[in-house]
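The values are calculated or read from the model by the stated rules, or taken from the named source; none is laboratory data. Values in this document were obtained by computation on a predicted structure and should not be read as measured data. All Cβ positions, even for glycine, are placed from backbone atoms using ideal geometry, and neighbour counts span all protein chains on display.
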Amino acid sequence: MLVGGVLTGTGPRWVRADGDGCVTVADPFTGAVPSDVGRLVSGEPLSPVEPVVVVGIAQNGPRHPSPVQAWLKSPRTVVPSGVPVRLRRDAGTAVAEGEICVVIARDTAGLTAENADDYVLGLTAVNDLSSPERAVVDPRNFESKSGDGYTPLGPWIDTDADIDDVALSVDVDGAPVARTGSDELPMSIRECLAYVAGWSRLGPGDIVMTGAPHSQAPVHPGQVVTIRVAGVELVTPLV
């Protein structure tokens, strides 16, 4: 099922995709059922979640002293699909990074690689926009990852997606840049989640960006980036 959020005339609603429209559903985190559940609604698409914590994964591979490395990105950089993002003009070449994004369902205390899928609500698409030239003077990724709107997310969460077998594609202006997936990550999604949860507990609605397996592309103002993960298509116009 594809679930997400829309802003209706009476406020935000959780919805599921239903053909060309959307139908209200219970809150997937709390189970709270709205009075208009099952109703066909329309409205402005929202980011599928408003995370408290956004974790990125640097994929170094099993031969590196730190096989998985995690870093944090500001949740305030998250914007919905379709929202134009202004690229910084003072940070060198911008790069779009298409990534598989895991949406956490509940407190991750007890999460292991073996049971990781029990803690996952679903998968969505994320564009980890970056200014990699800033890494020369900022090895902690703060400057290179902190542009306004530099984490386009959604618009849906695919709750049926298999975290062990996820397709990922990236197009720029309709031209293919990458056709890849979870099988090309040096460390599996399960291993990434277990590593993160072993150091810092996550909670409902937090997200983990699992790395860009050969899915990066230099981008410029005026282009449109389309990222597909499982059943989710994220579109980001760049200005």
Of all the strands (runs of 3 or more DSSP E) wholly in the stretch 1-71, which have at least 1 residues that are of a type in the set (A, V, I, L, M, F, W, C) and closer than 21 Å to ASP118 by Cα?
2-8, 54-59
Flagged in the stretch 72-81 as within 17 Å of GLU99 (Cα to Cα), outside any strand (DSSP E or B) and not hydroxyl-bearing (Ser, Thr, Tyr), in numbering order, are PRO75
Test: residue in the stretch 161-179 that is within 21 Å of SER47 (Cα to Cα) and acidic (Asp, Glu)
yes
Scanning the stretch 129-154 for residues that are touching an Asp or Glu at 6+ places or on another chain (Cβ under 9 Å), closer than 27 Å to VAL229 by Cβ and either outside any strand (DSSP E or B) or charged (D, E, K, R) (or both) gives LEU129, SER131, ARG134, ALA135, SER144, LYS145, TYR150
Pair list, Cβ < 8 Å and 6+ apart or interchain, from the stretch 205-233 residues that are modelled with pLDDT of 95 or more to residues that are among the basic types (Lys, Arg)
MET209/LYS73; PRO221/ARG86
Filter the stretch 88-120 for residues that are more than 25 Å from PRO28 (Cα to Cα) and without any contact (Cβ under 8 Å) to a residue 24 or more places away in the chain and give the result.
ARG89, ASP90
Return a yes/no flag: does the stretch 44-67 have any residue that is of a type in the set (A, V, I, L, M, F, W, C), in contact with a Pro (Cβ under 8 Å, 6 or more places away or on another chain), surrounded by fewer than 17 Cβ atoms within 10 Å (Cβ to Cβ) and within 19 Å of SER146 (Cα to Cα).
yes
If we only count strands (runs of 3 or more DSSP E) wholly inside the stretch 158-222, which ones have 1 or more residues that are more than 25 Å from PRO28 (Cβ to Cβ) and more than 16 Å from the chain's Cα centre (by Cα)?
167-172, 175-181, 216-219
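Looking at ASP148, ASP173, can you tell me which residue is surrounded by fewer than 21 Cβ atoms within 10 Å (Cβ to Cβ) and either polar (S, T, N, Q) or within 18 Å of PRO51 (Cα to Cα) (or both)?
Numbers: ASP173 fails: either polar (S, T, N, Q) or within 18 Å of PRO51 (Cα to Cα) (or both).
After applying the criteria, what remains is ASP148.
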Are there any pairs with C-beta distances below 9 angstrom linking a residue in the stretch 76-87 that is under 16 Å from VAL49 (Cβ atoms) to a residue that is assigned to a helix (DSSP H, G or I), with the two at least 6 apart or on different chains, and if so which?
THR77/LYS145
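Kindly indicate whether any position in the stretch 17-24 is over 14 Å from the mean Cα position of the chain (by Cα), over 22 Å from GLY211 (Cα atoms), surrounded by fewer than 21 Cβ atoms within 10 Å (Cβ to Cβ) and touching a residue at least 40 places away in the same chain (Cβ under 8 Å).
yes
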